[in-house]
Amino acid sequence: MSKVYEPIDIENSKADSRSLIMPHQQEAVDALTKYFEVDKDIPNRNGILVMPTGSGKTYTAVTWLLTQGVANGYRVVWLVHRQELVNQAYNEFVKQAPLLKGSGLKTLKVLPISGAHEHMSAACKSDVYVCSIASVANKYGYRFIERMIGAAGKRKLIIVVDEAHHAIAANYQKVIKRMTDLNNNRILLGLTATPKRMQEAEQAKLQSMFNINKNLANNIGIKGFIYEVTLKQLLNSGYLANPIHERVNTEIIGDVEFDIRPEDESYYQQFGELSERIKTQIAKSSSRNKAIVDQYLKNKDKYGKTLVFAVNQLHAETLCEQFNKSGI
């Protein structure tokens, strides 16, 4: 039985601890407001926001979407390529609901759609949808798109593509075209930390889709993006910790340990990241996980409290088990 996602009572919602917005985040919000001109009906409003991991990209985007989008009558459809990312964005919208206090709205309805959440058949009359692209683009989900965006979305609609380099994929193109057919004045916002890790042909598609070349020609934004803050800028300003890189030899030969197929290589060339199939193999690699835990155990006093980044949720779980087995 699916969970019921009740509308959030805005006036009685409570802000979380991140009520302060960082200078680079405020600059990004201001740039988004200036770029998209939400009070006007303009076709072909496409653009990318570039913020590195750790800079609060999701937090920043949700802040703008609620205060400038939902508060002004826009319906928001947030698209992700992995089911795990649905929870992350959904929770951010819920946490930031108090931003709508004083907007005149009484409730905020946020609906997550994926194989682990609601189905597309339940998508109706919500203010914000956070969707796995697979759920929207498949034959079953696709037929509910018009009902999902509703009359409100046909007037005012913001489509967000998280990890925007995936937007060139056929399933994204299909969904975005359908929504654009329903609302030619829709806003298309891409979010990414890494806009340049693709093959040249794929990069050209991305630049065209998000008006990067057009913006460059007209001196709009930063390097054709709506806004960009770099990792170096955030390190220099002290907002992010300065990394110390240390190579650890796992003695694992990837071509032997993992079953790498031509489609995995093609995926990497297209998107600049590992396929979900390879990530699953990495997550289940006991020898690799043991190497990570051993590295921590050897340096426990030096490292102190430690944060470990995993490739996906499964990897976080298998690493946790390995740490626990080692008494951590």
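Some observations on this one:
- Scanning region 67-95 for residues that are open to solvent by less than 20 Å² (accessible area, probe 1.4 Å) and over 16 Å from the mean Cα position of the chain (by Cα) turns up Gly69, Val70, Tyr74.
- When Ser126, Ser121 are checked against the criterion of being hydroxyl-bearing (Ser, Thr, Tyr), over 25 Å from Ala71 (Cβ atoms) and either out of contact with any strand residue (DSSP E or B) (no Cβ under 6 Å at 6 or more places or on another chain) or crowded, with 23+ Cβ neighbours inside 10 Å (or both), Ser121 stands alone in meeting it.
- Test: residue in region 298-307 that is in contact (Cβ under 8 Å) with a residue 60 or more places away in the chain, open to solvent by 70 Å² or more (accessible area, probe 1.4 Å) and in contact with a helix residue (DSSP H, G or I) (Cβ under 9 Å, 6 or more places away or on another chain): no
- Of the residues making up region 122-152, those that are in contact (Cβ under 8 Å) with a residue 60 or more places away in the chain and either among the hydrophobic types (A, V, I, L, M, F, W, C) or touching a Phe, Trp or Tyr at 6+ places or on another chain (Cβ under 7 Å) (or both) are Ala122, Val128, Met148, Ile149, Ala152.
- In region 190-238, the residues that are in a helix (DSSP H, G or I) and in contact (Cβ under 8 Å) with a residue 40 or more places away in the chain: Glu202, Leu206, Met209, Ile212, Asn215, Leu231, Gln233, Leu234
- Considering only residues in region 269-296 that are in contact with a helix residue (DSSP H, G or I) (Cβ under 9 Å, 6 or more places away or on another chain) and of a type in the set (A, V, I, L, M), the one that is farthest from Pro195 (Cα to Cα) turns out to be Val293.
- Within region 281-297, tally of residues that are open to solvent by less than 50 Å² (accessible area, probe 1.4 Å), in a helix (DSSP H, G or I) and more than 16 Å from Arg247 (Cα to Cα): 3
- Val62 meets the conditions (1) touching an Asp or Glu at 6+ places or on another chain (Cβ under 7 Å); (2) surrounded by fewer than 22 Cβ atoms within 10 Å (Cβ to Cβ) in every case but one. The failed one is (2).
- Flag if Glu228 is within 22 Å of Ile168 (Cβ to Cβ), open to solvent by 100 Å² or more (accessible area, probe 1.4 Å) and charged (D, E, K, R): no
- Residue that is at pLDDT below 90, over 21 Å from the mean Cα position of the chain (by Cα) and surrounded by 14 or more Cβ atoms within 10 Å (Cβ to Cβ), where the choices are Glu251, Glu257, Glu273: Glu257
- Checking each residue in region 239-272 for being part of a helix (DSSP H, G or I) and in contact (Cβ under 8 Å) with a residue 40 or more places away in the chain picks out Gln269, Gln270, Phe271.
- Complete set of residues in region 298-318 that are more than 22 Å from Val86 (Cα to Cα) and in a helix (DSSP H, G or I): Lys298, Lys300, Asp301, Lys302, Tyr303
- Single residue of region 134-189 satisfying the filter (of a type in the set (S, T, N, Q) and within 17 Å of Glu118 (Cα to Cα)) that is surrounded by the fewest Cβ atoms within 10 Å (Cβ to Cβ): Asn138
The values are calculated or read from the model by the stated rules, or taken from the named source; none is laboratory data. Owing to the predicted nature of the structure, the values given are computational and were not obtained by experimental measurement. Because the Cβ atoms are built from the backbone with ideal geometry, glycine has one as well, and the counts that use them run over all protein chains shown. Calculation scope for accessible area: heavy atoms of the full protein, side chains included, ligands and nucleic acids excluded. Shrake-Rupley method; radii C 1.70, N 1.55, O 1.52, S 1.80 Å.
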